[in-house]
Structure formats: C-alpha cells, structure tokens
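The values are calculated or read from the model by the stated rules, or taken from the named source; none is laboratory data. As the structure is a prediction and not an experimental result, all values here were calculated from the model. Because the Cβ atoms are built from the backbone with ideal geometry, glycine has one as well, and the counts that use them run over all protein chains shown.
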Amino acid sequence: MSAPDHKDFWDKLQIVLSPLGGLLTAVAVASLGFIGSRALEQQQSSEAKLRLYSELMTRREESEATLRKEMFQSIIGSFFDTQSTSLESKLLKMELLAQNFHEALNLQPLFKHIRREIGAGIMSTDAKPGYASRLADPAREVTRKQMLVLESGGQRFDWTVLLSDSLIAGTKSEQLEDVRLVLDGVARRFRVTLSRADTAQRELRVGLEIETSAQPGVSASAVGRYNVEFDVGFYSTPMIDNTRLSNDQRVAVVLTDMNEAGAGLSLMYFPGSRASLREKPYYEEILRKLAETAPPE
C-alpha cells in the first residue's frame, strides 16, 4: 500500500509561483524589448536631426560662399575696369571689401592706391581730409574687430608714444618698454624700436626684436633672437600683417591711434589658429600638434 501524497508548504508555494514566474519573465523580456526599441528610436531620431542640421549648415555655407564669390568678383573687377569710376564709388567698394573680406585678403595695397588717388585728385583742399578720413575709418574698424578676436585667444600689450621732432625727422630712434608675454606655455620677450614717424601718412617705421629662451616645448632651433622691420599704419591688419613664430604662433604690432603729438601702439601675441584664412600652418607644425594629441601607447 503506497504512502499518501503529502505536499508541504514549499511544494504548494512552488505550484502557485511557477505560472507567476513565467509571467514575470515574459513581462521582463517585453520591458527590455520596449526599452531597447525606445532607445534605438531615440538614437535614430538624434542621428536624423544631426544629419538634417549638418545638411542645412552645409547648404547655408555653400550659399554664403557663392554670394561672397559673386560679390568679390563684382567689386574687385570694377577696380580694374578701363572706364574711370568716381572716388565716391571706390570708397563705397572699399568699405564693402573691408567689411566682408578682411580675414582672407590683404587689402593694404588697395587702400594705399586709393589714398594716392585722393592725394592726386582734383578737388578742394578742404575735401581731401574728409575723403582720407572716410578711407581710414573702415580700416580702423576692421582692425578693432580683429584685435577683439585675437585678444580673446592671445595676449596684448599697449604703449602710448610721444612723437618727438627727431622721430618725425627720422634722425633718432626711440625704444619702447620691453614686454614679456606667455602664450600656451611659451614665454617670449618683445622689444619695439621706432625709427621714423610719418604724421602725414600716419605710419610708423617699427623694428621688432623677439627673444625666445630655452624652455620646455620649444625646439632648440627656435631659441634665440629674431629681428624684423616694417611699416605699420591704419591699413595694417593684425590677422594678415603679422610675424610668424615657432609653435604656430604669431605676433603683430598695431597702430591704434596717431596724431601730430603722439600715437597708440599695441602688440598682439596670438596663436596661429586666429590668423587669417590665407595663413596656413607649416607641415612640421601640423605633425607636432598630431604628436602632442596622440594617445600614449
């Protein structure tokens, strides 16, 4: 005779929970599937929005580039037209060029050409200063905008210079206060010497000495002193009229103000990434930056 089938509490609990466990497993699998599907949909939506944004930005840049190209061809072509154009028209075109292409073009020769036309033009004596001032205003505004951009990523130092008779005559040079600036861990000393002041053309003859001492991150070939001499005026823009330094850096001297009594000078020390669009880094600078950003093995 067989023993009665006796089931204890745990056996009964197993019988009750077995269907519930299957249900919970099905709910868990369904939840995971729903969550995974939702995450995949969100990712696909984000990627679609990113592609749309990239496409819109690309089309916008292409449209802007086409517009700027047509504008540039129209404006610059008129300067070389055989038919003479009025001075008013040329000044307006210079304002358009300066405001729209100052980061890519060196407009200094064109500015000086129109300045010579103003000087040689047949007009009243009182009218010439007005035309000269109108020509200088857009150049100074472009310089001001560029200095704001360069100062945000670099270093700046200002001088106020009193113009002596000997400096105006070019018989005696004047050395300004030395300045030591540090940019991206590279320290340099700058010395500015003025050898001549042209108050009529509002230009200064500048000698710039750059000294780079031995320090980490600077190659041995870049250590030492470097001298350069140039003229700086209201038509000199720092993004284009600058001196290339090692470690893909630039330095520019800017004439911010000038009259019969004195002048304002600024030294801008900035990275090459802030220079004009036509200033391309050397291949060795690109390789150096790639080596610095490469992950350690």
Considering region 45-88 alone, what residues qualify as being at pLDDT 80 or above and surrounded by 11 or more Cβ atoms within 10 Å (Cβ to Cβ)?
-> LEU87
Of all residues in region 222-281 being in a loop (DSSP other than H, G, I, E, B), over 20 Å from ASP137 (Cβ atoms) and out of contact with any strand residue (DSSP E or B) (no Cβ under 9 Å at 6 or more places or on another chain), which is modelled with the highest pLDDT?
-> SER276
Would you call THR143 polar (S, T, N, Q) and modelled with pLDDT of 90 or more?
-> yes
Residues being modelled with pLDDT under 85 and of a type in the set (A, V, I, L, M, F, W, C): count how many of those fall in region 111-123.
-> 3
With (1) at pLDDT 90 or above; (2) more than 15 Å from VAL232 (Cβ to Cβ) as the list, and ALA132 as the residue in question, which single condition is left unmet?
-> (1)
When you scan region 208-219, how many residues do you find that are over 25 Å from the mean Cα position of the chain (by Cα) and not in a loop (DSSP other than H, G, I, E, B)?
-> 0
Could you please give the count of residues in region 184-194 that are in contact (Cβ under 8 Å) with a residue 60 or more places away in the chain and either in a strand (DSSP E or B) or within 22 Å of ARG205 (Cα to Cα) (or both)?
-> 4
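Those residues that are of a type in the set (Val, Ile, Thr) and surrounded by fewer than 17 Cβ atoms within 10 Å (Cβ to Cβ), I need them from region 118-142; list them, please. Explain how you work it out, then say what you get.
Of the residues in region 118-142, the ones of a type in the set (Val, Ile, Thr) are 118, 122, 125, 142.
Matches in region 118-142: ILE122, THR125.
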